[in-house]
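A short worksheet on the structure shown next.
No lab work stands behind these numbers, since they all come straight from the coordinates. Predicted model only: the values in this text are computed from it and were never measured. Note that each Cβ is placed from the backbone with ideal geometry, even for glycine, and that neighbours are counted across all protein chains shown.
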């Protein structure tokens, strides 16, 4: 949020910002960003299409993780679509959800009677979807809405359930039937909201893809995320019958994939599904779990080097990794390099709590949550311990309420 302030004839811009605590906040902020762009384009005297083209770029600033913007005029014509630009120009006025609700008609109806943004809930791919929309008006007076939606229930547990269900089906029916069932679009038995099933062979070829069947046959073993991490290779290497989690940075956001290895006798494969964390607390936990796995799989030197990189895979907005040993010696403290190699065992928060000591003692029994008071605010921390080369390290991350 910024304001323009003038002092002694000199203009200053004063601002402050925060990283959203929830996906709902992220959705609203993304829409407001699109609206601000639209209004700027109009103010500069340019046509509305200039703004719509920006909103429709799948790798642009208005596509974050699995969130994207779309825009329609008040007659239902799609003007922008950040996930599937090929839909631009088609008409979605008659689009109905699985319960018969005319979704876009409902959005327009609500916006016509409101001066603010509105929410609409509907059902898509067996899941509840919530869309937030705001109205904009072009220079010629024509009205549009800019919107973004998300699936609040497409979470970690649903991801696991989808993979488990796919495992049982593939184990029972075999590869051919499973590939068809997971990839076809006739029904949503193996989809839940924006969750879908993928299957890989151990050489990194996609043999089923419920998100985009055109990907089938592609070799993706060496594909890297935005931090240079070969997450497909790591997933195929680490996957077990019980299942593992692998985290990657995709479209500027944290994506977590649950992967389960299946042995059909005639071949081994990995079944996977991915989701983007809905809340900051969930992202925090995934970040710590990712750091834990990275430390176990790499040398200490390599891991701690990655933990402190300001633009690396262990930084998500204002979330960062803290790493100490059981004596309190610090190896990583976000990008605060001055703390590294110092013993911080006795440091206290603003209420006098020696929180590093609490991190060390409480994590001996497993992963825990610890509340601290820092920078005049409450901070929620997730803490776990890792055994590495005969030594115990405590890994944590936290966010402010």
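Let's test the formula: R0 of 25 Å, r as the Cβ-Cβ distance of residue 263 and residue 164. What FRET efficiency results, to the nearest 0.05?
Numbers: r = 16 Å, r/R0 = 0.63.
With a Förster radius of 25 Å, E is 0.95.
Take the Cα atoms of region 156-275, find their three principal axes, and give me the spread along each one in whole Å, biggest first.
38, 31, 27
Under a point spin-label approximation (7 Å from Cα along Cα-to-Cβ), what is the residue 242-residue 113 distance to one decimal in nm?
In this crude label model, residue 242 to residue 113 measures out at 5.4 nm.
Tell me, what is the Rg over Rh of region 22-150, with Rh the Kirkwood radius over Cα pairs?
0.93
Any idea how far apart residue 61 and residue 377 come out in nm if each label point goes 7 Å out from Cα toward Cβ?
Each label point lies 7 Å from its Cα, and together they span 2.3 nm.
Looking only at 360, 14, 146, which one moves most when the chain is put into a Gaussian network model with springs between Cα atoms under 10 Å?
14
With both bridge residues required to lie in region 156-275, what share of the DSSP beta bridges run antiparallel, to the nearest 5%?
About 95 percent, rounded to the nearest 5.
Using 0.36 nm per residue, how much length does the chain from residue 36 to residue 311 gain when fully extended, once their Cα-Cα distance is taken away?
Details: separation 275, 0.36 × 275 = 99.00 nm, distance 2.72 nm.
That pair, residue 36 and residue 311, stretches by 96.3 nm at full extension.
When only Cα pairs under 8 Å and 6 or more residues apart are kept, what is the percent relative contact order across region 156-275?
Answer for region 156-275 is 25 percent.
Just to confirm my numbers, what's the Cα centroid distance between region 79-134 and region 138-157 in Å?
Distance between centres, Cα-based: 7 Å.
How much length, in nm to one decimal, is gained on full extension between residue 177 and residue 101, taken as 0.36 nm per residue of separation minus their Cα-Cα distance?
Fully extending the segment from residue 177 to residue 101 adds 24.1 nm.
Counting only the backbone N, which residues of region 22-52 are under 20 Å from the spot 7 Å out from the Cα of residue 142 toward its beta-carbon?
34-52
Over the chain, what is the relative contact order in percent, taking alpha-carbon pairs closer than 8 angstrom and at least six residues apart?
Across the chain, relative contact order equals 10 percent.
For 257, 172, 77, 159, what ranking results if the residue with the fewest other Cβ atoms within 10 Å of its Cβ goes first?
Values: 257 23, 172 9, 77 15, 159 20.
Lowest count first: 172, 77, 159, 257.
In square nanometres, what is the average projected area of the Cα convex hull of the chain?
Mean shadow area of the hull around the Cα atoms is 24.5 nm².
Helix-derived [θ] at 222 nm for the chain: sum -39500 (n - 2.57) over DSSP H runs of at least 4, divide by residue count, nearest 500?
Value at 222 nm, helices only, nearest 500: -8500 deg cm²/dmol.
Sketch the reach of a paramagnetic label on residue 84 as a point 7 Å from Cα along Cα-to-Cβ, and name the residues of region 40-57 whose backbone nitrogen lies under 17 Å away.
Flagged as within label range: 56-57.
Students often get this wrong: which residues of region 217-259 have the backbone nitrogen under 18 Å from the point 7 angstrom along Cα-to-C-beta of residue 202?
What the label zone holds, given the 18 Å backbone N cut-off, is 220-222, 232-244, 259.
Averaging over all projection directions, find the projected area of the Cα convex hull of region 229-331 and quote it in nm² with one decimal place.
Answer in nm², one decimal: 7.7.
Tell me whether region 282-401 comes out rounded, prolate or oblate; compute the Cα gyration tensor, take square roots of the eigenvalues as a ≥ b ≥ c, and use a/c under 1.5 as the rounded threshold.
Rounded, because the longest to shortest axis ratio a/c is under 1.5.
Please give the contour-minus-distance gain from residue 391 to residue 13: 0.36 nm per residue of separation, less the Cα-Cα distance, rounded to one decimal in nm.
Computed gain between residue 391 and residue 13 is 131.1 nm.
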